[in-house]
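A.B. asks: My questions will all concern the structure given below.
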Amino acid sequence: MKKQNAYTIADEIFMDALKVIDNNFKDIQYAIVGGGAVQVYVSSVTMKHAGLKAVNEINGLSLMLRRTGDIDLSFDSDLAGILKLFNVIIAQKAKKYLYHSFEKRFVMQNGMCRFNLNYQTEPEDLKDISSYYHDIIHSAISVPLNDKNRVLNLKLARPEYLVVSKLTRIKPKDQVDIALLLKAAELDGYPFDTEEVRSILKSVKKEEGYDILLELMDNG
């Protein structure tokens, strides 16, 4: 049974959340992190490699990706400034959605369907690798995501940081995300830096995660 309010990028509400990000955050420093970033990167690379024009043209995508109810963002801006931005979005009064703004969470709602944009504004919000908070944002990569007749230009944490974040937790779902990221990076020709991953893990006393990365790379 499908979990209520859990989606993949193949679902309309997830893509509409990405459009909110693309439409409103172009001129500020941010990075999509976590599982949402994995979905964007994997989808972008797959479409580019296959010459596709929309996410829903990727066969079997919803079976490959892990469902989620939110996208996580890190901002290099104070909380008051981000709340003001979300209030501007609410004032636009989109026809399809009701918007609700809470501290560190922005909710898009269409009937019983809800999707969250969770966000961070300070290093302490990012567990385990908080000392890298600002570099994650300022070294973010710009990833194009085709959506029929438009291209969304989204800022994602680099694959190294996405992998490190997941290796600090390393639940089964995180291993799946890492495997997808590694496959996408290889397909994209991205020069994934395993030594950087090891160095970061060592600095946060999570070096045991590096062995798991090597195992996943060997199995890939």
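A.B. asks: Among (1) modelled with pLDDT of 95 or more; (2) over 21 Å from LYS166 (Cβ atoms), which single condition is GLN39 missing?
C.D. replies: (2)
A.B. asks: Now a separate question. For the condition at pLDDT 95 or above and either more than 15 Å from TYR210 (Cβ to Cβ) or in contact with a His (Cβ under 7 Å, 6 or more places away or on another chain) (or both), what is the one hit in LEU126, LEU152, LEU180?
C.D. replies: Answer to the selection: LEU152.
A.B. asks: Quick check on the range 91-110: of everything there that is among the hydrophobic types (A, V, I, L, M, F, W, C) and in a strand (DSSP E or B), which residue is surrounded by the most Cβ atoms within 10 Å (Cβ to Cβ)?
C.D. replies: PHE106
A.B. asks: Out of the range 187-208, which residues are free of Cβ contacts under 8 Å to residues at least 24 places away in the same chain, in a helix (DSSP H, G or I) and either on the phi > 0 side of the Ramachandran plot or not hydroxyl-bearing (Ser, Thr, Tyr) (or both)?
C.D. replies: GLU195, ARG198, LYS202, GLU208
A.B. asks: Return the residues of the range 20-40 that are outside any helix (DSSP H, G or I), surrounded by fewer than 16 Cβ atoms within 10 Å (Cβ to Cβ) and touching a residue at least 40 places away in the same chain (Cβ under 8 Å); say none if nothing qualifies.
C.D. replies: Answer for the range 20-40, where residues must be outside any helix (DSSP H, G or I), surrounded by fewer than 16 Cβ atoms within 10 Å (Cβ to Cβ) and touching a residue at least 40 places away in the same chain (Cβ under 8 Å): LYS26, ILE28, GLN29.
A.B. asks: Moving to a separate point now. Go through SER43, SER77 for me and flag whichever is assigned to a helix (DSSP H, G or I) and either aliphatic (A, V, I, L, M) or surrounded by 15 or more Cβ atoms within 10 Å (Cβ to Cβ) (or both).
C.D. replies: SER43
The values are calculated or read from the model by the stated rules, or taken from the named source; none is laboratory data. In this text, all values refer to a predicted model and were calculated from it rather than measured experimentally. FYI the Cβ positions are ideal-geometry reconstructions off the backbone, even for glycines, and counts take in every protein chain you see.
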